[in-house]
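The values are calculated or read from the model by the stated rules, or taken from the named source; none is laboratory data. Quick caveat: nothing in here was measured; it's all calculated off a predicted structure. A quick note on method: Cβ atoms are made from the backbone with ideal geometry, for glycine too, and the neighbour counts reach across all protein chains shown. Surface areas here come from the heavy atoms of the whole protein model, side chains and all, with no ligands, DNA or RNA. Shrake-Rupley method; radii C 1.70, N 1.55, O 1.52, S 1.80 Å.
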Amino acid sequence: MFKKVLPLSSILFLRFLGLFLVLPVLSVYALDLEGATPFLVGVIVGGYALTQAIFQVPFGSMSDKIGRKPTILFGLLIFLIGSLICAYSTDIYTLMFGRFLQGAGAIGAVVTAMIADLVEEKTRGHAMAIMGGFIAMSFAAAMALGPVLASSFGISAIFFITAVLAIISIIILFTKVPTPPKIKHIYNENASTSDILKDPNLLGMIIINAMQKGLMTAAFVVIPVFLTKPEYGFGWEKSELWMVYVPAMIAGILAMGPAAVFGEKRNIPKQIFMLSIVLFAASFLMMGLTSSSGVFVTAVILFFIAFNMMEPLVQSMISKFAKVHQKGAALGISNSAAYFMTFIGGTFAGLYLDISSRETLGLTIGIISIFWLLFTAIKMKNPIKYSHFIQAEHEIDFDKLKTLESEHIAEWFINETEKVVVVKYHQEQLSEDELKAKISL
């Protein structure tokens, strides 16, 4: 399974690394461009996410018609062109166009769908966790490298590096990624996409994913601006930003592993998410209200810990809560919501810098996070642990299987390529031997 997931996760790692490298420094460098205002800078920081949100569904539909690999190639080429436009930009509007174009290559959902094509249902949650871990690692690596590269070579160099990463991703796509088998699933029940939003667990995960990404871009608009602009009370040099990002990145990496292990192995993702939200609230309140550089750095560290605790669990939990016929739609909705909130987060933070104060911004996001915490505490539940029973299609009595449906069986479907039936059941309530005896011919 890992050999199938690794190449695709590597492509996501390289692509997100390219996007994340500029986040720690883009706002403060973009303010020096011709025509720049804090509001336009906020739009630029989150601008790629708006086009990501718009093009997630079209790219997913395209991949169904022309195939996953050609669609991923098309998206990477658009990302490459957008990166080069950003690298050569000398004014705020050209940079904005390049950022929008970077996001227009919306391949995230396509890569996720391809992983689902390649990986069996029973190991898909693990595969999604691996993918989420790679995205989290790209975030952590970018936080350490971005400030150093920008201070040494300039912001344009980062965009050139991003273009090179896109080329490497294309090479991996055609040399390491296997072609997925053609698998057609047949589902027992008819369902609409609206069922996803009616499920409190899936809705909770969509909100968690969206809020996490929105707070990420808000943070990367305000952190470098607050630290380097004298009017906010700190007056750091741009070259000193690594001193806050490196310890924050290290703390985030150290927190990511235990959070993923405890969340998955002990089945307590809700508790991990709630702790992360508390840390988000604390970090923004501290960034908004403190006059101490030490406290501000501590707040940034808390933010990174919160983000990295969440990231590996998000995609895995969506794949666990969603039924097999919902996974693509659930991931698509979640990704679109997350990218839309990424844009909103950057724009919101930039607008606040224009019209309000650091204190008001910190208090506003802190209060929003508290309401988010209350929603998660009330609405979300930890996933039920299910097992998978697989048996040859010709050995199944489908009449018995249909009458057996209850809370002990979450779902079942037919894999027509492999001619097997997959039953997802609650092992604590129904043993495998009992299940086999009940549904076999």
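Of Thr228, Thr51, Thr175, which has the largest mean-square fluctuation in a 10 Å C-alpha GNM of the chain?
Thr175
Ignoring ligands and nucleic acids, what accessible area does Ser293 show with a 1.4 Å probe (Å², nearest 10)?
Looks like 40 Å² after rounding.
Could you sort out which of Lys381/Lys436; Lys3/Lys436; Lys323/Lys402; Lys3/Lys270 sit more than 25 Å apart by Cα distance in this structure?
On the way: Lys381/Lys436 29 Å; Lys3/Lys436 31 Å; Lys323/Lys402 17 Å; Lys3/Lys270 30 Å.
From the list (Lys381/Lys436; Lys3/Lys436; Lys323/Lys402; Lys3/Lys270), the Cα-Cα distance tops 25 Å for Lys381/Lys436; Lys3/Lys436; Lys3/Lys270.
If I model a spin label as a point 7 Å beyond the Cα along the Cα-Cβ vector, how far apart are those points for Glu240 and Thr360 in nm?
2.8 nm
Find how many whole Å separate the alpha carbon centroid of segment 328-362 from the alpha carbon centroid of segment 410-441.
The distance from the Cα centre of segment 410-441 to that of segment 328-362 comes to 43 Å.
With charges set only on the Cβ (+1 for Lys and Arg, -1 for Asp and Glu), what does the dipole of the chain come to about its Cα centre, in debye to the nearest 20?
For the chain, the charge dipole is close to 400 debye.
Say each of His408 and Glu395 gets a label point 7 Å from the Cα, pointing the same way as Cα to Cβ; how far apart are those two points in nm?
Inter-label distance under the simple model: 2.0 nm.
Per residue, how big is the convex hull of segment 29-76 when only Cα atoms are used? Give it in Å³. Could the numbers behind the result be given before it?
Details: hull volume 4.0 nm³, N = 48.
With only Cα atoms used, segment 29-76 gives 84 Å³ per residue.
Using the heavy atoms of the protein chains and a 1.4 angstrom probe, tell me the accessible area per residue for the chain in square angstrom. Working shown, then result.
Details: 17580 Å² over 441 residues.
Using a 1.4 Å probe on heavy atoms only, each residue of the chain averages 40 Å².
Over the Cα atoms, compute the radius of gyration (one decimal) and Dmax (the largest Cα-Cα distance, rounded to a whole number) for segment 339-441, in Å.
24.4, 71
Once phi is turned into θ = phi - 60°, what whole-Hz ³J(HN,Hα) does the Karplus curve with 6.51, -1.76 and 1.60 give for every residue of segment 92-108, x standing for Gly and Pro?
5, 6, 5, 4, 4, 4, x, 5, 4, 5, 3, x, 5, x, 7, 9, x
Carbon and sulfur: what percent of segment 341-441's accessible surface (1.4 Å probe)?
Working: 3060 of 5410 Å².
Whole-percent figure for carbon plus sulfur exposure: 57.
Report relative contact order for the chain in percent, whole number only (criteria: Cα-Cα under 8 Å, sequence separation at least 6). Present the calculation step by step, with values, prior to reporting the outcome.
On the way: 772 pairs, mean separation 102.7, N = 441.
After rounding, I find 23 percent.
Relative to the longest principal Cα axis of the chain, at what angle does helix 38-66 sit, 0 to 90 degrees, rounded to 10?
The angle comes out at about 20 degrees.
How would His394, His426, His408 line up by accessible area, probe 1.4 Å, largest first?
Values: His394 140, His426 30, His408 50 Å².
Descending order: His394, His408, His426.
Would you please state which residues of segment 140-174 a label at Ile250 would reach in this model, taking the label point 7 Å out along Cα→Cβ and a backbone N cut-off of under 17 Å?
140-148
How much mean residue ellipticity at 222 nm does the chain get from its helices, if each DSSP H run of length 4 or more adds -39500 (n - 2.57) and you divide by all residues, to the nearest 500 deg cm²/dmol?
Numbers: 17 runs with 323 residues, N = 441.
That comes out to -25000 deg cm²/dmol.
Gap in Å between the Cα centre of segment 367-400 and the Cα centre of segment 238-297?
Segment 238-297 and segment 367-400 have Cα centres separated by 28 Å.
Return an integer: the convex hull volume of the alpha-carbon atoms of segment 51-181, in Å³ per residue. All intermediate terms of the calculation are to be shown ahead of the outcome.
Numbers: hull volume 14.5 nm³, N = 131.
Hull volume normalised by residue count: 111 Å³.
Considering only Ala349, Asn209, Ile439, whose Cα is most displaced toward the positive end of the charge dipole of the chain, charges sitting on Cβ of Lys, Arg (+1) and Asp, Glu (-1)?
Comparing the listed Cα positions along the dipole, Ile439 ranks first.
Starting from 0 in steps of 5 Å, tell me what percent of the Cα-Cα pairs of segment 296-376 lands in each bin.
Result, from short to long distances: 3, 11, 14, 23, 21, 13, 8, 5, 2, 0 percent.
Please check: in the Gaussian network model of the chain (C-alpha springs, under 10 Å), which one of Met131, Met309, Met380 has the largest mean-square fluctuation.
Answer for the Gaussian network model of the chain: Met380.
Using per-residue counts of other Cβ atoms within 10 Å, averaged over each peptide, order 281-289, 356-364 from highest down. Let's see the in-between values first.
Numbers: 281-289: 21.8, 356-364: 16.1.
Output ranking for 281-289, 356-364: 281-289, 356-364.
Hey, any idea what the orientation-averaged projected area of the convex hull of the chain's Cα atoms comes to, in nm²? Don't skip to the answer; put the middle values down first.
On the way: hull surface 80.2 nm².
It is 20.0 nm².
Give the share of C-alpha pairs in each 10 angstrom bin for segment 197-312, from 0 to the last occupied bin, in whole percents, shortest bins first.
Pair shares across the bins are 14, 43, 29, 12, 3.
Could you give the length gained on full extension between Val261 and Ile66, defined as 0.36 nm per residue of separation minus the Cα-Cα distance, in nm?
On the way: separation 195, 0.36 × 195 = 70.20 nm, distance 3.76 nm.
Contour length minus the Cα-Cα distance gives 66.4 nm.
Would you look at the GNM of the chain, springs on alpha carbons closer than 10 Å, and say which of Ala392, Ala210, Ala144 moves the most?
In this elastic network of the chain, the residue with the biggest mean-square fluctuation among Ala392, Ala210, Ala144 is Ala392.
Using the charge dipole of the chain (Lys, Arg: +1 at Cβ; Asp, Glu: -1 at Cβ; taken about the Cα centre), state which of Phe296, Thr360, Gly332 has its Cα farthest towards the positive end.
In the chain, that residue is Gly332.
Order Asp195, Asp397, Asp354, most accessible first, counting only protein heavy atoms with a 1.4 angstrom probe.
Working: Asp195 55, Asp397 30, Asp354 75 Å².
Final ranking, largest accessible area leading: Asp354, Asp195, Asp397.
Which residues' amide hydrogens lie under 5 Å from the amide hydrogen of Met380, considering only partners 5 or more residues apart or on another chain, with H built in the peptide plane?
Amide H neighbours of Met380, under 5 Å, 5+ apart: none.
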